[in-house]
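Have a look at the structure below, then the notes.
The values are calculated or read from the model by the stated rules, or taken from the named source; none is laboratory data. This one's a predicted model, so the numbers in the text were calculated from it and none came from an experiment. All Cβ positions, even for glycine, are placed from backbone atoms using ideal geometry, and neighbour counts span all protein chains on display.
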């Protein structure tokens, strides 16, 4: 039989590699800017478009979906063709995928600084961009499965199992988490509210980490690590256990982000139980990778690409051990809302995702350009400066997290809070924030050096756009009943896809169906009323400015929190919150009982110049709120949309909503005038004050001590 002659498409790999480099530098630079703003808020240059709350989601989206996303596609397009012994199904679809993904990233880079955000963590992009993501993801799926179907290799290697699970799970996560009711071209409200919205968001958020930052990178590890080491993967059977256990267990663990919250206790317990079980499959993958290098440690010492891979696997092991430990309620009680979580996330992001991406780039670019790497010394320098960057980043934040958690909970012998002023707990960790930015600078410097090294490599060689290859055609064989069951499954990609879909759906359905359809899980509270039109507009401004990035709205049932903030939060308080705003980090105090604590004048001055009311505060100024006029043209549409998702506004209330808005706004402006603050009632600052003053007043506050 004569072999088929064909060509691998290296041009699409090159395109995604360049995009990875460009967006990586941009995303890391934005990350460094917001790290500096954590101790020097004036670093936003007084500009609303570069303030922390607006560009923090820009940083996360840039590093996750632009830097890491392009790296996934780069690695997948290269490995898929060689594992399947076939060119990608369609060059046209490859190009649509590449340029469509870049346009989505550009749209994110424009809309997020403008404050156009849904506020859902890792899913901040508004509904038109969500639709575009769906379409481009389908293009990628068609291209991948088209290639699988026309392959010349019967069995699908383990890397492809992970690519398939990534495709199907990310599709499910994105669609379920993106049920939004559009109000305008760039504004929508989630169909879910409060507790249900929180459950969906962290089911998505945790599994975005699982199936966008983990499973595709495990697929890349299974292909590139054996190639770099020139050794077979340690254990095929371990890879089977690793794959199926990981995708089944991971999907259940989302509720561990909501421990001690208003989420029903049974859902929290499920999240904890499955989080602990995650250690086994996660470490199974790490061990399979590290043991692949047994007997090759001399090569590791000399090869920078393998050094990056070893540290990446080590970081993966550390992060996937720490995650389950943080899901233990006793640990979570101290760690949650602190910088400990930020350190944990960045060990995974900088070590696992970043270093594996760097290792693959160093290995792959010289091969498609048919030339040696420009400088091995620069690659080794990058490895060491990057490793130092991770250490300088993570260790101070761990220290800061321990400090915060313990200071928040400390009482005096007399039974009073030892640190009743939240700001004091912030000022103590400023040196750690400075050290974190130094670590970020080191890491960014390493990425710049790598970019220089790879650009020089590209200039020295010539891209082999179409790499010649040959392989025997795949013949239809009679099924061998004696063949190992998983080997048979690997020859049936659609069956593997369906099996993966069923496995990942089980956990989500078990957790969501009772929460959505059994009313006792979210008991209502009669005194909780819908927001007034002005408060609703103010809430949207709060979302626009990214206040949820620094302030939680979830008081946990700890004495340290009820003494500091007031009565603990109940599920029924959030039934009209589309979206929920519980937050995941406290750089400032919790605001769930903020209404009525301070005067309108205090809030006005605090927003205009935080340090005038709280000396030493690291909160940025929001002077533009006083200058910008509130857009009341959207009020009627917002009221109508809220009614559509279940908020009990009276029929046709949207027709008089702006009248009520104006009355309430004039009342706040008049109250400010009594304190000699002159501001027009139609300014945005009036609306955001109205929203803050509403927080928690439907539930009687417990006096703070």
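Which residue is nearest to residue 38 (Cα to Cα), if the candidates are limited to region 415-426 and must be in contact (Cβ under 8 Å) with a residue 24 or more places away in the chain and surrounded by fewer than 15 Cβ atoms within 10 Å (Cβ to Cβ)? Among them, the one singled out is 420. For region 478-487, the criterion of being outside any helix (DSSP H, G or I) and within 33 Å of the chain's Cα centre (by Cα) is satisfied by no residue at all. Filtered by the rule that a residue be surrounded by fewer than 21 Cβ atoms within 10 Å (Cβ to Cβ) and part of a helix (DSSP H, G or I), region 210-249 gives 226, 227, 236, 237, 238, 240, 241, 244, 245, 248. Among the residues of region 134-150, is there at least one that is within 26 Å of residue 543 (Cα to Cα) and either modelled with pLDDT of 95 or more or in contact with a helix residue (DSSP H, G or I) (Cβ under 9 Å, 6 or more places away or on another chain) (or both)? Looking for residues that are within 26 Å of residue 543 (Cα to Cα) and either modelled with pLDDT of 95 or more or in contact with a helix residue (DSSP H, G or I) (Cβ under 9 Å, 6 or more places away or on another chain) (or both), one finds at least one in region 134-150, hence yes. Per this entry, residue 474 is not counted among residues that are surrounded by 14 or more Cβ atoms within 10 Å (Cβ to Cβ), assigned to a helix (DSSP H, G or I) and either touching a helix residue (DSSP H, G or I) at 6+ places or on another chain (Cβ under 7 Å) or outside the structural domain of residue 246 (by TED's automatic domain parsing) (or both). Which count do you get for residues in region 389-425 that are assigned to a helix (DSSP H, G or I) and more than 24 Å from the chain's Cα centre (by Cα)? Counting residues in region 389-425 that are assigned to a helix (DSSP H, G or I) and more than 24 Å from the chain's Cα centre (by Cα) gives 9. In the condition set (1) surrounded by fewer than 21 Cβ atoms within 10 Å (Cβ to Cβ); (2) closer than 22 Å to residue 303 by Cβ, residue 321 is compliant with all but (2). Can you say whether residue 690 is out of contact with any strand residue (DSSP E or B) (no Cβ under 7 Å at 6 or more places or on another chain), in a loop (DSSP other than H, G, I, E, B) and either in the same structural domain as residue 578 (by TED's automatic domain parsing) or at pLDDT 95 or above (or both), as far as the supplied structure shows? Against the criterion (out of contact with any strand residue (DSSP E or B) (no Cβ under 7 Å at 6 or more places or on another chain), in a loop (DSSP other than H, G, I, E, B) and either in the same structural domain as residue 578 (by TED's automatic domain parsing) or at pLDDT 95 or above (or both)), residue 690 does not qualify.
Those helices (runs of 4 or more DSSP H) of region 538-634 in which 2 or more residues are surrounded by fewer than 20 Cβ atoms within 10 Å (Cβ to Cβ) and out of contact with any helix residue (DSSP H, G or I) (no Cβ under 7 Å at 6 or more places or on another chain) occupy 559-565.
Write out, first by first residue and then by second, each pair whose Cβ atoms fall under 6 Å of each other, whose residues are 6+ apart or on separate chains, and whose first residue, in region 11-33, is in the same structural domain as residue 455 (by TED's automatic domain parsing) while the second is not in a helix (DSSP H, G or I). Pairs found: 11/465; 14/463. In region 487-498, the residues that are in contact (Cβ under 8 Å) with a residue 40 or more places away in the chain reach residues that are surrounded by 16 or more Cβ atoms within 10 Å (Cβ to Cβ) and outside any helix (DSSP H, G or I) with C-beta atoms within less than 6 angstrom, at least six apart or across chains, in these pairs: 490/156. Selection of region 362-388 for residues being assigned to a helix (DSSP H, G or I), more than 23 Å from the chain's Cα centre (by Cα) and crowded, with 17+ Cβ neighbours inside 10 Å yields 362, 363, 364, 365, 366, 368, 378, 379, 381, 382, 383, 385. One residue stands out in region 168-206 among those that are without any contact (Cβ under 8 Å) to a residue 60 or more places away in the chain and under 30 Å from residue 81 (Cβ atoms): the one that is surrounded by the fewest Cβ atoms within 10 Å (Cβ to Cβ), namely 175. In this structure, does residue 114 turn out to be part of a loop (DSSP other than H, G, I, E, B), within 22 Å of the chain's Cα centre (by Cα) and crowded, with 19+ Cβ neighbours inside 10 Å? Criteria not met by residue 114.
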